[in-house]
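Below is one structure; the comments refer to it alone.
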Amino acid sequence: MTFGEQPAYLRVAGDLRKKIVDGRLPPHTRLPSQARIREEYGVSDTVALEARKVLMAEGLVEGRSGSGTYVRERPVPRRVARSGFRPERGATPFRQEQADAGVRGTWESSSEQRDACAAVAGRLGIEPGDRVMRTKYLFREAGEPMMLSTSWEPLALTGRTPVMLPEEGPLGGMGVVERMRAIDVIVDNVTEEVGARPGLAEELVLLGGVPGHVVLAIQRTYFASGRPVETADVVIPADRYRVAYHLPVK
């Protein structure tokens with residue numbers, strides 16, 4: 001193989017990908033069998049198998065038990081708008097994660113006290129083992145799972161206050177900014193780091209994805225006068241959503 005030449009399995013996968021994208025292999029069409037790929041492209045069984053694995057990892061095809069491999073219907077990506085801070089009224093956990101006021105959704109949550117692991121402790125500026133309130137969310141849009149979020153708040157800050165449980169009490173479900181304000185903690189900054197990675201099995205089960213699907217992973221932290229008061233990991237299926245940021249100009 002000369003320098004810069006693709007391995008055979010990538011060339012086969014690339015040609016099949018092109019056929020899928022331009023519609024020659026439309027959604028729900030059965031992908032050519034391994035034997036057919038071998039004959040059509042003049043490659044070995046191993047190359048044909050690896051090419052099919054590439055397309056499956058990219059989410060372009062899916063296996064159906066006892067039936068074969070089929071082209072997946074590609075969703076039209078929708079937008080998740082983010083801006084960090086919420087309006088004075090109508091703040092909810094869903095609105096906290098989705099800044100587009102025209103989008104409505106629901107959420108499920110569960111909270112429990114945990115010891116902070118080293119990674120979370122570093123993000124919150126506390127010691128590993130310090131107690132935090134961990135809350136897990138599953139957000140839905142029109143009934144369809146769209147986003148996961150796991151947040152941590154230091155109990156040294158919120159413990160024994162009316163806002164200790166994010167989804168209970170007089171300000172339950174009001175979002176970080178409003179809840180912190182109720183205990184005289186004024187959130188004045190938020191940071192988000194966005195990356196992409198393969199979804200974990202448990203994440204994809206909740207989000208309705210298949211193994212190998214890529215997710216957008218957002219690491220968010222709220223600050224009050226430089227002190228971290230909440231940090232969260234937000235997970236969004238990359239094949240169904242795009243993240244758009246509303247950045248104010250000062």
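Since every read-out is calculated from the coordinates, none of them should be taken as a lab result. Not measured: the values here are computed from a predicted model. Because the Cβ atoms are built from the backbone with ideal geometry, glycine has one as well, and the counts that use them run over all protein chains shown.
What to note about this one:
- Within the chain: Cβ-based charge dipole about Cα centre, in debye rounded to nearest 20 (Lys, Arg +1; Asp, Glu -1): 680 debye
- Diagonalising the gyration tensor over the Cα atoms of the range 112-157 and scaling each eigenvalue by 5 before taking the square root yields semi-axes of 27, 10, 7 Å, largest first.
- Building the convex hull from the alpha-carbon atoms of the range 1-52 and averaging its projection over directions returns 3.8 nm².
- Loop sites in the range 1-82: trypsin sites (Lys or Arg not before Pro), DSSP, at most 11 other Cβ within 10 Å: Arg24
- Sparsely packed trypsin sites (Lys or Arg not before Pro) within the range 121-193, loop by DSSP, other Cβ within 10 Å at most 16: Arg160
- Ratio of Rg to Rh over the chain (Cα coordinates, Kirkwood Rh, two decimals): 1.09
- Taking 25 °C and 0.890 mPa s as conditions, the range 146-250 diffuses translationally at an estimated 161 µm²/s according to Stokes-Einstein applied to its Kirkwood radius (Cα pairs).
- Overall dimensions of the range 155-201, expressed as equivalent-ellipsoid semi-axes from the Cα gyration tensor (√(5λ), whole Å, largest first), are 26, 15, 10.
- Across the range 30-143 the C-alpha pair distances fall into 5 Å bins from zero in the proportions 2, 9, 11, 10, 10, 10, 10, 10, 10, 9, 6, 3, 1 percent.
- Cα-centre dipole for the range 47-180 with unit charges at Cβ (Lys and Arg positive, Asp and Glu negative), debye to 20: 300 debye
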